[in-house]
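Read through the structure below, which is laid out as structure tokens, and then see the notes.
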């Protein structure tokens, strides 16, 4: 198969769809890989490094899209990219379609086969291609929170972990999944007072055992969320409904009862955000204030550490990418985990949660032709 890797064009996105090491694996499996010039600059991988890995280098994204059977990316395609996709072409990347009807419309119009990293599953029902970036984002969320808490940034002027004799910051994590666990680990390690709220009692028990009492856990109810949010210096939004828009757990009205200079970090912003007042920001201008509360809503947090992120992402995506390269759409029909990753095919939405979020018709994979 001819596999294409365009340079990422989303604002301040420095990751790359295939690292040179991953390119070597595709070439060793008998596939051709075309990489757009400069695609690896963000991770310090020059065109010559990619050539030595067996890739050919193209001067333009247009050539990559036109010449490839499968496009491997990191972030969702931008308009100039989805206009270049075509029927029978496979797109393998993060999509986050639920809060993005314009992108969904563009992918459907192209007729391409779009497989989203964030809905591919494993045998345990987990999301193995989302997990590595969730790990990175959860850890970065605490770094971001610490910076936003500074008085110069509009925050309360607190050090997350405090110092001897001074109370540390109080931090609540909404969601006990991968992001939430990593955020809690980092915050507790710095000495913050941490509470994790989740709807799953088994997960709360796991977290309680994992942290051995260093992190408080609470079952998620309206009362529990309000209690913790109103008393918090930092709220980390880490809720996830696979494929669907994130639920709004903190409303605009709730901000009035929060501490002035408190910080909201919305790691769920890719799926629309879990705070009613969230809107996407960038690494250049990451925060804004609403009703005296600082919001950090960068939509591609892991892009700030592209070397770590690209390697972690490729470690997870490589086996699935090779399945697609080896078998094409037949791999989707044969593998239930890739089937769960299929979001669009030949002009139809093939993921139920995505379809419901967008108000579009759901087309089960079993009813689709290869």
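Taken together, the values in this text are just the output of simple stated rules run on the coordinates, not laboratory data. The structure displayed is predicted, hence computed values, not measured ones. When we count neighbours, we look across all protein chains shown, and the Cβ atoms used for this are built from the backbone with ideal geometry, even at glycine.
Each Cα pair under 8 Å and six or more residues apart adds its separation to the average, and for the chain the resulting relative contact order is 18 percent. Computed over the alpha carbons of segment 131-303, Rg followed by Dmax gives 14.4, 45 Å. With contacts taken as Cα pairs under 8 Å and at least 6 residues apart, segment 70-135 reaches a relative contact order of 30 percent. Ranked for footprinting exposure by Cβ neighbours inside 10 Å, fewest first, 337, 96 give 337, 96. Residues 152, 220, 278, arranged from fewest to most other Cβ atoms within 10 angstrom of their Cβ, appear as 152, 220, 278.
By how many degrees, between 0 and 90 and to the nearest 10, does the Cα long axis of helix 222-231 differ from the longest principal axis of the chain? In the chain, helix 222-231 runs at an angle near 70 degrees to the longest axis. Overall shape of segment 1-101 was characterised from the C-alpha gyration tensor. The equivalent ellipsoid obtained from it has semi-axes of 21, 15, 12 Å, in decreasing order.
Per-residue ellipticity at 222 nm, computed for the chain from helices alone with -39500 (n - 2.57) per DSSP H run of at least four residues, works out to -10500 deg cm²/dmol. Taking every DSSP beta bridge that has both ends in segment 131-303, the antiparallel portion is near 15%.
Of interest is the spacing of the C-alpha centroids, which for segment 99-168 and segment 15-67 amounts to 27 Å. Based on Cα contacts under 8 Å between residues 6+ apart, segment 131-303 shows a relative contact order of 22 percent. Computed from Cα atoms, the angle from the helix 201-211 axis to the main principal axis of the chain rounds to 80 degrees. Note the angle between two axes, namely the Cα long axis of helix 306-327 and the longest principal axis of the Cα atoms of the chain, as a number of degrees from 0 to 90, rounded to the nearest 10. Roughly 40 degrees, rounded to the nearest 10.
Across segment 209-341, the fraction of Cα-Cα pairs farther apart than 21 Å, rounded to a whole number, is 57%. For Rg/Rh (Cα atoms, Kirkwood Rh), computed directly from the structure shown, the correct entry in (i) 0.95; (ii) 0.99; (iii) 1.01 is (ii).
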